[in-house]
Amino acid sequence: MLLCAQYVLPITSEPIHNGAVLVRDGAIRDVGDAAMLKLRYPDEKVSDFGQAAILPGFVDLHTHLENAVMRGIVHDVPYATWIMTMRELSAKMDVADWYDSAILGGLESLSSGITTV
């Protein structure tokens, strides 16, 4: 899918006026001038966001990277049960565990294309 906007603000290059970002399989595959990318990828679906700015790699999210090792341990329960179980489990972690878990969370973010949290 081509995501187009008046401004594309890549992390590693100058802003692109009337730019586009090609996203395939959940990853950024190309960034550039919208007209050129439309020619290069004529079969891609296009979503035009008009006078917006797209920041490839920047994901505005609330995260707790230090909880990465907890993923999948407690699921399909009401929130109150989940949070109490998480508190009980996290009490068993020491400083080194929290550090390692945060590093894991950061690496997982990078591997999926998230460059800023």
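Structure summary
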{"item": "Highest-first arrangement of 43-56, 76-89, 97-110, where packing means the average Cβ count within 10 Å", "result": "97-110, 43-56, 76-89"}
{"item": "Residue-averaged 222 nm ellipticity for the chain, from DSSP H runs of 4+ at -39500 (n - 2.57), nearest 500", "result": "-9500 deg cm²/dmol"}
{"item": "Global form of the range 55-117, assessed from the alpha-carbon gyration tensor, a/c cut-off 1.5", "result": "oblate"}
{"item": "Relative contact order (%) - the chain, alpha-carbon pairs under 8 angstrom, separation at least six", "result": "27 percent"}
{"item": "Whole-Hz ³J(HN,Hα) from phi, Karplus 6.51 cos²θ - 1.76 cosθ + 1.60, for the range 36-53, glycine and proline x", "result": "5, 5, 5, 5, 5, 10, x, 8, 6, 5, 10, 10, 9, 9, x, 7, 8, 10"}
{"item": "Cβ-placed point charges (K, R +1; D, E -1), dipole of the chain about Cα centre in debye, nearest 20", "result": "220 debye"}
{"item": "Net charge of Cβ neighbours under 14 Å - reference Ala91; Lys, Arg +1; Asp, Glu -1", "result": "-2"}
{"item": "Choice from His64, His75, His17 with maximal GNM fluctuation in the chain (Cα, 10 Å cutoff)", "result": "His75"}
{"item": "Surrounding net charge for Thr81, when Lys and Arg each add one and Asp and Glu each subtract one, Cβ distance under 13 Å", "result": "-1"}
{"item": "Between 0 and 90°, nearest 10: helix 79-90 axis offset from the chain longest Cα axis", "result": "70 degrees"}
{"item": "Set of the range 1-30 residues, backbone N closer than 18 Å to the point 7 Å along the Cα-Cβ line of Lys38", "result": "1-8, 16-23, 30"}
{"item": "Cβ charges +1 (Lys, Arg) and -1 (Asp, Glu), total dipole of the range 1-66, debye", "result": "180 debye"}
{"item": "Nearest 10 degrees, 0 to 90: helix 95-111 Cα axis against the chain principal axis", "result": "20 degrees"}
{"item": "The range 4-50, relative contact order in percent, only Cα pairs under 8 angstrom and at least six apart counted", "result": "35 percent"}
{"item": "Gyration tensor (alpha-carbon) shape descriptor, the chain, a/c threshold 1.5", "result": "prolate"}
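Every read-out reported here was derived from the displayed coordinates using simple, explicitly stated rules and does not represent laboratory data. Keep in mind it's a predicted model, so treat the numbers as computed, not measured. No Cβ is skipped: glycine too gets one built from the backbone with ideal geometry, and neighbour counts run over all protein chains shown.
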